[in-house]
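Bear in mind these aren't lab numbers, they're just calculated from the coordinates by the rules spelled out. Remember, predicted model here, so these are calculated numbers, not experimental data. All Cβ positions, even for glycine, are placed from backbone atoms using ideal geometry, and neighbour counts span all protein chains on display.
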Amino acid sequence: MSDVSIRLARADDTPKIQYLHNLSVQDLCSSHYSPIQIKASLETFMPVDPGLAASGTYYLAEVGDTLVASGGWTPAVQEVGLARIRAVYVHPDWVRRGLGRSLVTQAEDAARMEGVKRFVVNSSLNAVPFYSFMGYRVVSSMELDLGRDITFPIVQMEKHCKK
Ligand SMILES: CC(C)(COP(=O)(O)OP(=O)(O)OC[C@H]1O[C@@H](n2cnc3c(N)ncnc32)[C@H](O)[C@@H]1OP(=O)(O)O)[C@@H](O)C(=O)NCCC(=O)NCCS
């Protein structure tokens, strides 16, 4: 991973983050979702808006100019000390090299510095083993309604910071 550098995203990175998101979901979510579910989810969700990219809490992993992974966190409005892990996506050619772990660790470390005590994430089914590896536990399951009778099951997971 010595050729990988991590930096904060900027608003003008949004198009390439969106491109990575589409690539990652189309390939890596196909183990747990149908092509119809994946197409509908990509049409419905815009996970990385310019606001998130410019938030100062969203990170990019790059090799040269190529974006190979992204992810970050945002404070959750409903509870002081609660943060949400956001939009973690790895390029299909770069999985299982520790990039997801690096970005989530970076996000958690930064959030803890801001007083965060607990993390939540809406995990796609394919990402549950990854978040379990990162110390998250399943709290509940839910089905997102994508319209046209298409649903998209996800799992809510959480992690408490060590004292
Ligand atoms: C889930 C995802 C972010 C993992 O990224 P990654 O960089 O491949 O993960 P890491 O290499 O850091 O994996 C760390 C550990 O998590 C576990 N893990 C990761 N992916 C896994 C998988 N597909 N199956 C089982 N365990 C997995 C393993 O224990 C792994 O350690 P190991 O490779 O030494 O066995 C990536 O697969 C991805 O982008 N998926 C598609 C998009 C998505 O669903 N994002 C989550 C949105 S909530």
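Could you give the nm distance between label points at residue 114 and residue 43, where each point is 7 Å from its Cα heading toward the beta carbon?
3.4
For the chain, what mean projected area does the convex hull of the alpha carbons give, in nm²?
Convex hull of Cα atoms, orientation-averaged projection: 9.5 nm².
Residue separation times 0.36 nm, minus the C-alpha to C-alpha distance between residue 151 and residue 6: what's the value?
48.8 nm
Return the FRET efficiency for the residue pair residue 77, residue 23: r is the Cβ-Cβ distance, R0 is 30 Å, and the value is rounded to the nearest 0.05.
With a Förster radius of 30 Å, E is 0.50.
HN-Hα J couplings of the range 3-8 from phi, Karplus 6.51/-1.76/1.60, θ = phi - 60°, integer Hz, Gly and Pro as x?
Going residue by residue, I get 8, 9, 10, 10, 9, 6 Hz, with x marking Gly and Pro.
Distance from the Cα centre of the range 122-163 to that of the range 27-91, in angstrom?
If we compute the Cα centre of each part, the gap is 13 Å.
Can you give the extra length, in nm with one decimal, that the chain gains between residue 142 and residue 161 once fully stretched, where that is 0.36 nm per residue apart less the Cα-Cα distance?
Computed gain between residue 142 and residue 161 is 4.4 nm.
What does the charge count near residue 15 come to, summing +1 for each Lys or Arg and -1 for each Asp or Glu among other residues with Cβ under 14 Å from its Cβ?
After counting each charged neighbour, the total is -2.
For the range 121-132, take each phi angle, set θ = phi - 60°, evaluate the Karplus expression 6.51 cos²θ - 1.76 cosθ + 1.60, and give the result in whole Hz per residue in order, putting x for glycine and proline.
For the range 121-132, the Karplus-derived couplings read 8, 8, 9, 5, 4, 5, 8, 4, x, 5, 5, 4 Hz, x marking Gly and Pro.
Suppose we keep just the alpha-carbon trace of the range 11-104; what are its Rg and Dmax in angstrom?
Final numbers for Rg and Dmax: 13.5, 39 Å.
From the P(r) of the range 70-124, can you give the percent of Cα pairs sitting at distances over 14 Å?
Every Cα pair in the range 70-124 considered, those over 14 Å come to 51 percent.
Around residue 146, under 12 Å between beta carbons, what's the net of Lys plus Arg minus Asp minus Glu among the other residues?
After counting each charged neighbour, the total is -2.
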